[in-house]
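Participant: Quick one: the structure is below, questions incoming.
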Amino acid sequence: MPAAVIGSHRATGRTITEQFRAFDAHNPHVFRALERMTGRRLAAGATRVSLKDLFEDLRRQLPYGVAGLNNNYTALYARRLMDEHPYWAGAFELRRRRAA
């Protein structure tokens, strides 16, 4: 397998966090939608929320999907949601990060 796969962070030289920050800066509507969706699920009685499920729902809801919405960003969006809504911290299961 080649060391640098096209489209991966190895090929671009940018970390996933750097890619996420660029994507998030250009697509603020994605965070707002994830925020609304999380709030609705918790208000409906959910005790846990899966960002992977929210990503799939978001892809279905938007007419043409969201170009660049990478599954590698799920944990970063979960952390951002918890940073902005600390009372949601128990709703997301996170693993310790291995890289920045």
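Participant: Counting only residues that are among the β-branched types (Val, Ile, Thr) and assigned to a loop (DSSP other than H, G, I, E, B), which one in segment 41-100 is farthest from the chain's Cα centre (by Cα)?
Facilitator: Thr47
Participant: Arg10 - would you say it is out of contact with any Phe, Trp or Tyr (no Cβ under 7 Å at 6 or more places or on another chain) and modelled with pLDDT under 90?
Facilitator: Working: out of contact with any Phe, Trp or Tyr (no Cβ under 7 Å at 6 or more places or on another chain): yes; modelled with pLDDT under 90: yes.
So Arg10 passes the test.
Participant: Hey, could you check segment 60-86 for residues that are at pLDDT 95 or above and surrounded by fewer than 14 Cβ atoms within 10 Å (Cβ to Cβ) and say which is farthest from Gly13 (Cα to Cα)?
Facilitator: Pro86
The values are calculated or read from the model by the stated rules, or taken from the named source; none is laboratory data. Quantities reported herein were computed from a predicted structural model and do not represent experimental measurements. When we count neighbours, we look across all protein chains shown, and the Cβ atoms used for this are built from the backbone with ideal geometry, even at glycine.
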